[in-house]
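No lab work stands behind these numbers, since they all come straight from the coordinates. On a predicted model such as this, the values are computed, not experimentally measured, just so you know. Note that we place each Cβ from the backbone using ideal geometry, even for glycine, and neighbour counts take in every protein chain shown.
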Amino acid sequence: MRGSSDVNAPDPARLRESYARGELPEEGLPAEPLPLFAQWFSEAAAVGLPEPNAMIVATAAPDGAPSARTVLLKGFGPDGFRFFTNLGSRKGRELAANPRAALVFPWHPMYRQVRVEGTVEELPREDVRAYFDSRPHGSRIGAWASRQSEVVGGRAEIDERYAALSERWPDDVPLPDFWGGYLVVPEAVEFWQGRLNRLHDRIRYRRDGDEWKVERLAP
């Protein structure tokens, strides 16, 4: 369905691009997903993609209502994928009630995406503190200034709070008790490589006990 005639925007149904770069054969795949993720992540950074660590984080409320937003990945390894946020935000509240999440890394210029599904654990406070202390001073003040996801009266309210806190803590900024981090422990990791005629390559690693099962999915 087209939108209102007074909306001057391109028709999304007519926007087409041919994905004719790259392939993902089964031959040579690692037994676990982490080495392939590290390779793709390094390649995304090497070609100059802006913020290749940007990922969509999807959560769901106990009643099943989903929500999604973009968050920055701040670490990954054999244990999973790490990010930090306000624990009282909408995603924090939803993760407290339903500790599962899905991630998407949308590396569009490379015709690639990586999808992750798994359980979520809060990171230890010592890990949170180490990362918080590594942030720029302004970002640490910002963590205190924003009551993330809450309704505010206007931008001035946020700016005034930021200014007051900057004066209060010109140097060291304490770690807020409402600010923390999460580890997404993957149960499935899918690597998606765009191909011609929409016949994309989709390779999924699915955890099976202590092993990973590698499967090809239809595009």
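For segment 80-95, 3J(HN,Hα) computed residue by residue from phi via the Karplus equation (6.51, -1.76, 1.60; θ = phi - 60°) reads x, 10, 10, 8, 10, 6, 6, 5, x, 5, 4, 5, x, 5, 5, 5 Hz, glycine and proline entered as x. In segment 1-155, a dipole from Cβ-located charges (positive for Lys and Arg, negative for Asp and Glu) runs towards its positive end, and of PRO12, VAL120, GLY142 it is GLY142 whose Cα lies farthest in that direction.
Relative to the Cα centre, the charge distribution of the chain, modelled as +1 at Lys and Arg Cβ and -1 at Asp and Glu Cβ, gives a dipole magnitude of about 680 debye. Over the chain, DSSP H runs of length four or greater, each weighted -39,500 (n - 2.57), average out per residue to a 222 nm ellipticity of -7500 deg cm²/dmol. Within the chain, the proportion of Cα pairs with more than 26 Å between them is 49 percent.
A cut-off of 5 Å between modelled amide H atoms, ignoring neighbours fewer than 5 places along the same chain, links TRP179 with LEU87.
Applying 0.36 nm per residue to the separation of ALA9 and GLU27 and subtracting their alpha-carbon distance, the gain on full extension is 2.1 nm.
Taking amide H positions as modeled 1.01 Å from N, with prolines and chain starts lacking one, the residues under 5 Å from ARG112 and 5 or more places away or on another chain are TRP107, GLY194.
When the chain is described by a simple charge dipole with +1 on each Lys and Arg Cβ and -1 on each Asp and Glu Cβ, the residue from LEU103, ALA46, HIS200 located farthest towards its positive end is HIS200. Sequence-ordered 3J(HN,Hα) estimates for segment 191-200 from the Karplus curve with 6.51, -1.76 and 1.60 and θ = phi - 60° stand at 9, 10, 10, x, 9, 4, 6, 6, 9, 6 Hz, glycine and proline given as x.
Comparing mean-square fluctuations of GLU150, GLU190, GLU43 from a GNM of the chain with C-alpha springs under 10 Å, the top value falls on GLU150. What you get for segment 36-98, charging only the Cβ of Lys and Arg (+1) and of Asp and Glu (-1), is a dipole of about 220 debye around the Cα centre. Placing one equal scatterer on every Cα of segment 176-219 and applying the Debye formula, the log10 ratio I(q)/I(0) at q = 0.24, 0.25, 0.27 Å⁻¹ is -0.83, -0.86, -0.93.
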